[in-house]
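Let me begin by presenting the structure, written as structure tokens, before commenting on it.
The values are calculated or read from the model by the stated rules, or taken from the named source; none is laboratory data. Predicted, not measured: the structure shown is a model, and the values here were computed from it. No Cβ is skipped: glycine too gets one built from the backbone with ideal geometry, and neighbour counts run over all protein chains shown. With ligands, DNA and RNA removed, areas are computed over all heavy atoms of the protein, side chains included. Shrake-Rupley method; radii C 1.70, N 1.55, O 1.52, S 1.80 Å.
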Amino acid sequence: SKIRYLGSGENAIVRPGCVLVAPTHEYDHFLMKSAVFIHAIGMDDTEEMVIRGVIIDHPTAFTVGEMSPNIMGNLSNNLLFRGGRTGRDTAMLLHSAGGPDGPIKSSNMIGSSGIYEGGIVSAMESVDSDIIPPEQCKFFFNYMEFTEKELNDMFADMEDGDAWVSLEVPPEFVLDSNLERGQMWSRLRNYIRSVREKM
């Protein structure tokens, strides 16, 4: 379960399945002290390339069952995380139990992350019949969306040698539901610091 460094600033590789880690000088309300899991890159309705991700360490005060009555059983007790500022107030399920042999019916892995999206009905069934623990699932309310230019500008913004960084992390880092706000950010920043010291 290794972390992999995919570069910083303008040299960073950004692809589905990676986690973007904010520099200390990022002051955007949502993005400050954030770690953002990139789950989709593609064209929006206006044929513009967009990059979508969810902030992994911004918990709300609500369980997913309180916000979404159609999610029932043990899974409804999972904490809901605030994925970002964009979206139609919908919740997205990410988990590590998909794939051809996985108990949750969702076959497309996000990049090489070991993380899958969707399959809510089989997720509820799998948790209630103890096939998987609820900790393998995490719910996000809304998401962050960037245009290519916005992302390039973010990564180009360097202060004191510090800029946005792209990492690959183990799936349990993304799916951890015991995170306080900014907690995974702190953990990944410590890793980045150790990488920079070796450079």
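For residues that are open to solvent by 60 Å² or more (accessible area, probe 1.4 Å) and under 18 Å from the mean Cα position of the chain (by Cα), scanning just the stretch 108-126, find the one that is nearest to residue 79 (Cα to Cα).
Going through the stretch 108-126, the residues open to solvent by 60 Å² or more (accessible area, probe 1.4 Å) turn out to be 108-109, 112, 117, 121, 125.
Okay, now just the ones that are also under 18 Å from the mean Cα position of the chain (by Cα), so 108-109, 112, 117.
Details: 108: 24, 109: 23, 112: 25, 117: 17 Å.
If we take residues in the stretch 108-126 being open to solvent by 60 Å² or more (accessible area, probe 1.4 Å) and under 18 Å from the mean Cα position of the chain (by Cα), then 117 is nearest to residue 79 (Cα to Cα).
List the pairs whose first member sits in the stretch 99-122 and is in contact (Cβ under 8 Å) with a residue 40 or more places away in the chain, whose second member is open to solvent by 80 Å² or more (accessible area, probe 1.4 Å) and not aliphatic (A, V, I, L, M), and whose Cβ atoms are under 8 Å apart, counting only residues at least 6 apart or on separate chains?
If the second residue must be open to solvent by 80 Å² or more (accessible area, probe 1.4 Å) and not aliphatic (A, V, I, L, M), the pairs left are 110/117; 111/15; 117/108.
All but one of (1) within 22 Å of residue 112 (Cβ to Cβ); (2) outside any loop (DSSP other than H, G, I, E, B) hold for residue 13; which doesn't?
Only one criterion in (1) within 22 Å of residue 112 (Cβ to Cβ); (2) outside any loop (DSSP other than H, G, I, E, B) is unmet by residue 13, namely (2).
Being hydrophobic (A, V, I, L, M, F, W, C), outside any strand (DSSP E or B) and either open to solvent by 20 Å² or more (accessible area, probe 1.4 Å) or under 25 Å from residue 109 (Cβ atoms) (or both): is that true of residue 71 here? Break it down into steps so the answer makes sense when it comes.
Working: hydrophobic (A, V, I, L, M, F, W, C): yes; outside any strand (DSSP E or B): yes; either open to solvent by 20 Å² or more (accessible area, probe 1.4 Å) or under 25 Å from residue 109 (Cβ atoms) (or both): yes.
The answer is yes for residue 71.
Which pairs do you get when a residue that is of a type in the set (Gly, Ala, Ser), found in the stretch 60-86, comes within reach of a residue that is part of a loop (DSSP other than H, G, I, E, B) and open to solvent by 70 Å² or more (accessible area, probe 1.4 Å), reach meaning Cβ atoms under 8 angstrom, with the pair 6+ apart or on two chains?
Here the result reads 65/72, each pair linking the stretch 60-86 to a residue that is part of a loop (DSSP other than H, G, I, E, B) and open to solvent by 70 Å² or more (accessible area, probe 1.4 Å).
Output the residues belonging to the stretch 92-105 that are buried (at least 21 other Cβ atoms within 10 Å of the Cβ), in contact with a helix residue (DSSP H, G or I) (Cβ under 8 Å, 6 or more places away or on another chain) and assigned to a loop (DSSP other than H, G, I, E, B). Show your work before the answer.
From the stretch 92-105, those buried (at least 21 other Cβ atoms within 10 Å of the Cβ) are 93-98, 104; that's our starting set.
Pick out the ones that are also in contact with a helix residue (DSSP H, G or I) (Cβ under 8 Å, 6 or more places away or on another chain) and you get 93-97, 104.
Within the stretch 92-105, 96, 97, 104 meet the criteria.
Here are the criteria: (1) surrounded by 19 or more Cβ atoms within 10 Å (Cβ to Cβ); (2) under 27 Å from residue 196 (Cα atoms). Tell me which single one residue 30 does not satisfy.
With (1) surrounded by 19 or more Cβ atoms within 10 Å (Cβ to Cβ); (2) under 27 Å from residue 196 (Cα atoms) applied to residue 30, the lone miss is (1).
Among the residues of the stretch 146-160, which ones are within 17 Å of residue 33 (Cα to Cα) and either touching a Gly at 6+ places or on another chain (Cβ under 9 Å) or hydroxyl-bearing (Ser, Thr, Tyr) (or both)? Steps first, answer last, please.
Residues of the stretch 146-160 within 17 Å of residue 33 (Cα to Cα): 151, 154-155, 157-160.
Within the stretch 146-160, 155, 157, 158 qualify.
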